[in-house]
Amino acid sequence: MIDSGGVLCVFLEEAAMSYHSFLLEPISCHAWNKDRTQIALCPNNHEVHIYKKDGNNWSKIHVLKEHNGQVTGIDWAPESNRIVTCGTDRNAYVWTLKGDAWKPTLVILRINRAARCVKWSPKENKFAVGSGSRLISVCYFEKDNDWWVCKHIKKPIRSTILCLDWHPNNVLLAAGSCDFKCRIFSAYIKEVEEKPAPTAWGSKMPFGEVMFESTGTAGWVHGVCFSDSGNRVAWASHDSTVAVAEGGKTAVCASLTSETLPLLCVTFITENSLVAAGHDCYPVLFVYDSNKAALSFGGKLDVPKQSAQKGMTARERFQNLDKKATTDSKEAVLESVHKNSISQISILNGGKAQCAKFCTTGMDGGMTIWDVKTLESAMKDLKIV
Amino acid sequence: MSKNTVSDRFRKVDVDEYDENKFVDEEDGGENQLGPDEAEVDSLIRSYPFRNLMGALQAVLKNPPINAKNQNVKDRAEGLVLKVLSSFKASDIEKAVQSLDKTGVDLLMKYIYKGFEKPSDNSSAILLQWHEKALSAGGVGSIVRVLTARKTV
């Protein structure tokens, strides 16, 4: 289209979602760099591959080989540009970019089971590792010895820690565990920081203190997330429920049972809206109303392609009845973008307060980038508050 | 062949019992859970002239013996639920399921699967009809909750 000034204007159609298939195997975990031009992911083996965005394609620029077991968690610190990885070999490595190559530094976690998840703290001076040893290792750098040291949070954890998320104050840590509980711990390390100010979850925060423990949901807690302010925490558990707790004198919990398969990952996209995804292979929106302390289903976030409805012949109908005891013409083909469970969700732009784009990776080896504004306009009845 | 002269009693020891890190569920008070009231449910099934089956369904889903330690209480409750479910006509099942709320549907699903465990004459056929209607009301999520429940009816 040419306007009166003779300048060619091109309208870029913003896609609601763009899918890229990296592998034929599951993507175990992923992390983005600060400007979202590079993604580090584990292709279901002992390595970490870093891909760089190249127009519409992705090219592999680095391969990080050091782990002796599957890499279960990757986190990329945006400011200090360091990557931390953890794996089933019970180790964690901090990688720093020296020139053109990533150099690893071993961190002794003192665990005797696999590490399952790792997260940098907001100030990037600590990171926490959840493991099957029924404890959380909080690691910080000791300048005198030029070495990463770790402290353990053990009580009252009774099973594997599956997921972690840090509170914006750099001290509180939410952990979801296989003992069916979501807890908020204090991970205050006096060697690297000042005493924290009081929060909605409490004011006394010695290391290892339990500030909040969930009740009411059964099932392993697969995903946990603090809201942008840190006053709310959401978790998804294996009994197909999602719950939000709001800190205060007494924590207020709201949970929602869903009719779908369990959700594996959850994140806040605004202070009141959550996006979660899991074994049903599509992301779902939930809305939290703090006045009623209630969580409600906001809508399915996958725009399916309009599949041509072909008419069924009488023979096909009879065959269906004979084979499947139903005359339904629904084929056993997933209409969603991801063809297998979504295992991780990450925010790309806008932070947890006003997320504009988020990314999902799954067991189908694919990565999808979802645009929130376009999704909102594409689906009627979808309101992100 | 060599004769086994060494004792093999060690093979009968349950090592998990001696594991000091063994996960033990929290004990919730189960003494007050007696299961649904038999008399109330019976009267609702038999009430004349119109059998109040919807009321019977609501009544039988009250007081589920989830934490009860006595197995008899649980068996009695299951038997009662089965009795109510069998009294429904096939065409009324859908309406009955619609009248339940979310927790009711989850509880119904728990009783249905409990009933599958010990099949009797015609119970499985009736339970399958109820299962189909409960599934369309509660979705696969309700089945997932039956599988993940640590304490069930």
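The values are calculated or read from the model by the stated rules, or taken from the named source; none is laboratory data. Everything numeric here is computed off the predicted structure, so don't read it as measured data. No Cβ is skipped: glycine too gets one built from the backbone with ideal geometry, and neighbour counts run over all protein chains shown. Quick note on the areas: whole protein, heavy atoms, side chains included, nothing else; ligands and nucleic acids left out. Shrake-Rupley method; radii C 1.70, N 1.55, O 1.52, S 1.80 Å.
Can you find a residue in the range B:87-103 that is under 15 Å from the mean Cα position of the chain (by Cα) and modelled with pLDDT of 85 or more?
yes
Here are some residues: A:ASP228, A:ASP280. Which one is open to solvent by 10 Å² or more (accessible area, probe 1.4 Å) and more than 14 Å from chain B (Cβ to nearest Cβ)?
The unique qualifying residue is A:ASP228.
Quick one: which strands (runs of 3 or more DSSP E) lie wholly within the range A:321-381 and hold at least 3 residues that are open to solvent by 50 Å² or more (accessible area, probe 1.4 Å) and modelled with pLDDT under 95?
none
Given the condition polar (S, T, N, Q) and over 30 Å from A:SER255 (Cα atoms), answer yes or no: does some residue in the range B:113-121 qualify?
Yes; the residues of the range B:113-121 include at least one that is polar (S, T, N, Q) and over 30 Å from A:SER255 (Cα atoms).
Exactly one condition in (1) open to solvent by 10 Å² or more (accessible area, probe 1.4 Å); (2) away from chain B (no Cβ under 14 Å); (3) free of Cβ contacts under 8 Å to residues at least 40 places away in the same chain is false for A:ASN125; which is it?
(3)
Quick one: in the range B:15-41, which of the residues that are assigned to a loop (DSSP other than H, G, I, E, B), charged (D, E, K, R) and at pLDDT 75 or above is farthest from A:SER159 (Cα to Cα)?
B:ASP37
Filter the range B:109-153 down to residues that are of a type in the set (S, T, N, Q) and within 14 Å of chain A (Cβ to nearest Cβ) and give me whichever is farthest from the chain's Cα centre (by Cα).
It comes out as B:SER136.
Condition test on A:VAL221, is it within 14 Å of chain B (Cβ to nearest Cβ) and closer than 21 Å to A:VAL118 by Cα?
Yes; evaluated as a whole, the condition is true for this residue.
Just wondering, is there one or more residues in the range B:42-57 that are in a helix (DSSP H, G or I), under 24 Å from A:THR257 (Cα atoms) and either more than 14 Å from every other protein chain (Cβ to nearest Cβ) or modelled with pLDDT under 85 (or both)?
yes
Is there any pair linking a residue in the range A:50-61 that is touching a residue at least 24 places away in the same chain (Cβ under 8 Å) to one that is among the hydroxyl-bearing types (Ser, Thr, Tyr) and part of a strand (DSSP E or B), with Cβ under 6 Å and at least six apart or on different chains, and which?
A:TRP58/A:TYR51
Within the range A:132-152, restricting attention to residues that are under 22 Å from the mean Cα position of the chain (by Cα) and away from chain B (no Cβ under 14 Å), which residue is farthest from A:MET211 (Cα to Cα)?
Among them, the one singled out is A:CYS139.
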